[in-house]
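Bear in mind that the values in this text are calculations on the coordinates, not laboratory data. Remember, predicted model here, so these are calculated numbers, not experimental data. So basically every Cβ, Gly included, is an ideal-geometry build from the backbone, and we count neighbours across all protein chains shown.
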Amino acid sequence: MTAVEQGLVGHHGTSGDVDMSTSLAFAPVPSPVLTASGCSAFGQELEPFVDLGAIGAVVTKSVQLQPRSGRPTPRMAETPSGMLNSIGLQGPGIDGLLADELPWLARRGARAFVSIAGTRVEHFAELAGRLRGVPGVLGLEVNISCPNVESRGEVFACDPVAAADVVAAVREAADPAHPVFAKLSPDVTDIVSIARSVTDAGADGLSMINTLLGLVIDPDTMRPVLGGVTGGLSGPAIRPVALRCVWQVHQALPHVPVLGMGGIRSGLDALQFVLAGASAVSVGTAVFNDPSAPARVHAELADALAQRGFARLGDAVGYAHR
Amino acid sequence: MTELKGHVGQHGPYLTEPAPPAEHAPVQRVVEVLATRPVGAYVELTFAAPEIAERAVPGQFAAFAIGGRESAMLLRRSIAIAGTADGRVTVVVAPHGPGSTWLAGLQPGATVDVVGPLGRPFPLPGPGTPALLVGGGYGAAALVGLAGALRAQGSDVAAVAGAASADRLCSVDDLTALAGVTVMTDDGSAGRRGWVTDAVAEQVGGVGVVYACGPMGMLRAVAELATAAGVPSYVAVEESMACGIGVCMTCVLPVVGADGRTRFSRSCTEGPVFGGDRVRFADVGTLTADVVGAAAMGVVA
């Protein structure tokens, strides 16, 4: 039974009627569709395909204190409805981000949701401090869950105490105007306990999910395909896992804002995340397939909400639980 | 297209300058297949794509989505643009996996989502500079437009087209219309028996610039011959790319920049055309301590 049939919401015939504005915790955004960290670099390459100021935000590739070369190639393997990557957080470091990428986004009126990463708690805190008051920065996504770090399997997001330590330090150091979202790994036994731990430590919201750790072996060489051996699995293949994580966490912590991601390719995919409890979504690997996907997913989601009689995106958040 | 500025000895130890970016931004369009034609082991596809055709310059490529919106193959296939006439874009597809096989099987009237033109074009030398073009397998297709551009500015153009066997040669007729062509095959089934490098070694001394497109091993050998002869070379690489537009960071190679420092550079946006003496072919697939950012990966000298 649809919301309209239940008489819960008014009927709106066109997507133009749907109020798509939402927020990342206390930071308002005009669209619930964002890019995903690591899938759109720092936004510049999408300019020919997407109005960067119209989407919710550009979630940057994770930045660290120092420039990083990333891992040797091969870095990528296509998998059924997905891909495995082992990039190793190649990037310019915080100095390059502050000098080049963030001013570029600010000049275009794009909101930057800056993903930060590090190997020690104080690295994350220093990054958060360096981003205080920077024009165009909407908030921070704390990447405590990248599988392609030196100590694989020992990511912060797999340990509730370590995850909470990072988040508490970031919240303490960050600009009070910047919401702090913790990005969680699905590679845990109980994601709700991690979610509870980081929100108790001061996370204003949760980004779910990062990639799943995976492996592909080349049957011809009989060796792992990726230079980094294992890699992060992304794309529509992981969508049901991501949706399950969002569902479980929203059920346990219904007042915690969730930025949902994991295999979103269409407006109906995004709708599933919204219904499960996400108040915004990131479009990641789909951008490799379709560089205009963030704008397309926004339009398709608006249409899907209108067809189901929702006047506001917010009315659909968590609807599947009710 | 920008003029090649490098001259021997003028810019430190390198004979080339990094290729500058293209003038025009790419577009994304759903385009129709107009014609399809088998070319030996390959398939030549022609699309109605006027906005891509009018923007494209030699050396650039297009990135094709595979299998429609619900496809389980998410990654685009990046293929060199072989021709752009009358609002049409032509590419030569080598079917070797499920994605390229799908693309090669498209029939006239079918539509496909394509992004292009992408990547940095071949820099052109000063007017009249004699040029040698070297194509391996279907890589020769990427050189046809370049041969035309060089001829238009008064350059003598020689070309070497090579492959394992006759059925894996490509674009020989198109190149022959524009250049003196030497054909080389490993098995002698067409042209001379031998490797393209045999012919390059004979001809490199008489030209002012070398361009190459083909497999990595061939590019390395051609670039090394050119550099040893003091001739600048530009290579168009065929790295596998997930996106083609510069966001996925999977197609990187160790390349020496204008500042003399080596970076993991994206083949799609910093390439696919690189100075042949700037690609560190021997270090592909490894991370050496002098790559910018290697220290943060725990790799130190």
(request) Only residues of the range B:64-103 count here: report those whose backbone N is under 16 Å from the spot 7 Å along Cα→Cβ of B:E54, or say none. (result) B:84-89
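What FRET efficiency would be calculated for the residue pair B:A25, B:E70, taking the C-beta separation as r and a Förster radius of 25 Å, to the nearest 0.05? The partial results should precede the final answer.
Numbers: r = 28 Å, r/R0 = 1.13.
The pair B:A25/B:E70 has a calculated efficiency of 0.30.
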(request) Sort by residue number and report every cysteine in the protein assembly as shown with no other cysteine beta carbon within a distance under 4.7 Å. (result) A:C39, A:C146, A:C158, A:C245, B:C170, B:C213, B:C251, B:C268
(message) Cut-off 10 angstrom, C-alpha nodes, Gaussian network model of chain A. Which of A:F288, A:F310, A:F273 fluctuates the most?
(response) A:F288
(message) Given R₀ = 41 Å, what would the calculated FRET efficiency be for B:T176 paired with A:D100, taking r from the Cβ atoms and rounding to 0.05?
(response) 0.30
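Mind ordering B:76-86, B:55-65, B:25-35 by average Cβ neighbours within 10 Å, highest first?
Numbers: B:76-86: 21.6, B:55-65: 24.9, B:25-35: 16.5.
Going by the mean number of other Cβ atoms within 10 Å, highest first, we get B:55-65, B:76-86, B:25-35.
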(request) At 7 Å along the Cα-to-beta-carbon direction for both A:A299 and A:A320, put a label point, then send me their distance in nm to one decimal. (result) 2.6 nm
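Relative contact order of the range B:131-283: what whole-number percent is it, with Cα pairs under 8 angstrom and at least 6 residues apart?
Values: 336 pairs, mean separation 28.4, N = 153.
The normalised contact order for the range B:131-283 reaches 19 percent.
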(request) Given the peptides A:218-225, B:248-255, arrange them by the average over their residues of other C-beta atoms within 10 Å, most packed first. (result) B:248-255, A:218-225
(request) Report the antiparallel proportion of the DSSP beta bridges in the protein assembly as shown as a percent, rounded to a multiple of 5. (result) 55 percent
(request) Express as a percent, rounded to the nearest 5, the fraction of DSSP beta bridges in the range B:131-283 (both residues included) that run antiparallel. (result) 30 percent
(message) Only four residue types carry charge here, +1 at the Cβ of Lys and Arg and -1 at the Cβ of Asp and Glu. Report the dipole size of the range B:27-118 about the Cα centre in Debye, rounded to the nearest 20.
(response) 160 debye
(request) Amide H neighbours of A:S62 under 5 Å, at least 5 residues apart or on other chains, H built in the peptide plane: list them. (result) A:G38
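How high is the relative contact order of chain A, in percent, counting Cα pairs under 8 Å that sit 6 or more residues apart?
Values: 794 pairs, mean separation 74.4, N = 322.
It rounds to 23 percent for chain A.
Work out the mean other chain Cβ neighbour count within 10 Å for the residues of B:69-82 and drop it here as an integer. Numbers along the way, then the final one.
Working: counts 5, 4, 3, 8, 6, 17, 10, 4, 0, 0, 0, 0, 0, 0.
Shielding by partners across B:69-82 averages 4.
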(message) List residues of the range B:259-301, by number, whose backbone nitrogen lies under 20 Å from a label position 7 Å along Cα→C-beta of B:A228.
(response) B:275-284
(request) Work through the residues other than B:P254 whose Cβ is under 14 Å from its Cβ and net out their charges, Lys, Arg +1 and Asp, Glu -1. (result) +3
(request) Mind checking the full-extension length gain between A:A252 and A:V229? Use 0.36 nm per residue of separation minus the Cα-Cα distance, one decimal, nm. (result) 4.7 nm
(request) Kindly express, to the nearest 10 degrees and within the range 0 to 90, the angle between helix A:267-276's C-alpha long axis and the longest C-alpha principal axis of chain A. (result) 90 degrees
(message) Can you give the FRET efficiency to the nearest 0.05 for B:A35 and A:D17, using r as the Cβ-Cβ distance and R₀ = 45 Å?
(response) 0.50
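Students often check this: by mean Cβ neighbours within 10 Å, which of A:234-240, A:22-28 ranks highest, and how do the rest follow?
Numbers: A:234-240: 22.7, A:22-28: 19.4.
Listed from highest to lowest mean packing, they are A:234-240, A:22-28.
Which of the trypsin sites (Lys or Arg not before Pro) across the range B:235-301 are loop residues per DSSP, with 13 or fewer other Cβ within 10 Å? The partial results should precede the final answer.
Details: sites: B:R261, B:R263, B:R266, B:R278, B:R280; in loops: B:R261, B:R278, B:R280.
Passing sites in the range B:235-301 are B:R261.
Within chain B, which complete DSSP H helices have Cα atoms spanning at least 15 Å along the helix axis and a mean Kyte-Doolittle hydropathy of 0.0 or higher?
Numbers: long enough: B:216-228 (18 Å, 1.05).
Membrane-span-like by this criterion, though nothing is claimed about a membrane: B:216-228.
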(request) Using only Cα atoms, locate the centre of the range A:215-231 and the centre of the range B:220-261, then give the distance between them in Å, rounded to an integer. (result) 24 Å
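In debye, nearest 20: dipole of the protein assembly as shown around its Cα centre with unit charges on the Cβ of K, R (+) and D, E (-)?
Numbers: 41 positive and 56 negative charges, 56 e Å.
Using only the charged Cβ atoms, the result is roughly 260 debye.
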(message) Skipping prolines and chain starts, which residues have an amide H placed within reach, meaning under 5 Å, of the one on B:V134, given they are 5 or more residues away or on another chain?
(response) B:V160, B:Y211, B:A212, B:C213
(message) Quick check: pseudo-label points 7 Å beyond the Cα along Cα→Cβ at B:D198 and A:E172, how many nm apart are they?
(response) 7.2 nm
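Looking only at other chains, what is the average number of their beta-carbon atoms within 10 angstrom of each beta-carbon in B:282-292? Present the calculation step by step, with values, prior to reporting the outcome.
Numbers: counts 0, 1, 2, 4, 3, 7, 2, 1, 1, 3, 6.
Mean shielding count: 3.
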